[in-house]
1. For the stretch 215-333, what mean projected area does the convex hull of the alpha carbons give, in nm²?
2. Would you look at the GNM of the chain, springs on alpha carbons closer than 10 Å, and say which of 232, 195, 52 moves the most?
3. At a 10 Å Cβ-Cβ cut-off, how would you order 64, 304, fewest neighbours first?
4. Take 152, 112 and order them by how many other Cβ atoms sit within 10 Å, fewest up front.
5. How would you rank 36, 276, 302, 237, going from fewest to most other Cβ atoms within 10 Å of each one's own Cβ?
6. What are the extents of the Cα atoms of the stretch 31-325 along their three principal axes, listed from largest to smallest and rounded to whole Å?
7. Springs between alpha-carbon pairs under 10 angstrom, Gaussian network model over the chain: which of 306, 38, 223 fluctuates most?
8. What residue among 155, 168, 286 shows peak mean-square fluctuation when the chain is described by a Gaussian network model with Cα springs under 10 Å?
């Protein structure tokens, strides 16, 4: 009996390791296929406004999918929400929002706009529905999201705050569209930690290594079986130059798995945007790229490595950072 149990255990272990090797092998073949969804030009009658002011280049700071043919963008150049048709890239509807908007989210027919010290709600026609003034401790927050009919502010610390409660309720990690709180931290020069608190309250931890020195690790989103991160690594430290990688990690009900894919994304910033990457419920990742010729929106779909398509060569070849092209204030003598 004991001998039989021993051989069953050995067989199970061999089967487990064979499965693990198969998963690892398949993970090496995973990648993202890139498709341009739409493009909108700067400063045309039906395009996006672009403006240079002292110390900043203003354009669009965030985006949201409305339906199969409409995409909304938040402009900090004109303080507006602009809705375009995906098929044409041209503005169809626009309406004003409070000054200095940072981010917004679309949920069940309403826009939730995060401004300086306030969250304002609008319907699809631009009619103001309500607004909430934020406590002084939350002024300066740059991101907002919705999950399960609740509004969360995503703090620079990597944590979240639930709005609407009688007292501010905080959570470790950024709330994502799948109900997972994802928290990241740099451990040392070449490694970082990821913590997931799922909708059932279970907490999982894992550490990952990088072949280059890590400059920052930012949460993009998650699905039921994936975690997406924006991992930035140093190319040079003086002057500071980084490259960005969309890192996708497997996730299951029992824990955090391995890196599934590593996709380099463009290092192109014509304007400073608070949300350039977003995850759809089906696992596709949207990437907004602001270039000198306009705003490009790409969809990245996970596929076999042999079937991937990359960004257009012109996007990959263009290097532009708004910090190098700012209008400087003349000092008075």
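Since every read-out is calculated from the coordinates, none of them should be taken as a lab result. Just so we're clear, the structure is a prediction, and the values are computed from it rather than from any experiment. Glycine gets a Cβ as well: all are built from the backbone with ideal geometry, and neighbour counts include every protein chain shown.
1. Details: hull surface 40.2 nm².
If you wrap the Cα atoms of the stretch 215-333 in a convex hull and average its projections, you get 10.1 nm².
2. 52
3. Details: 64 21, 304 11.
Placing the least packed residue first, the sequence is 304, 64.
4. On the way: 152 24, 112 21.
Placing the least packed residue first, the sequence is 112, 152.
5. On the way: 36 14, 276 23, 302 19, 237 10.
Lowest to highest Cβ neighbour count: 237, 36, 302, 276.
6. 51, 47, 39
7. Looking only at 306, 38, 223, the largest GNM fluctuation is found for 306.
8. So, out of 155, 168, 286, the one fluctuating most is 168.
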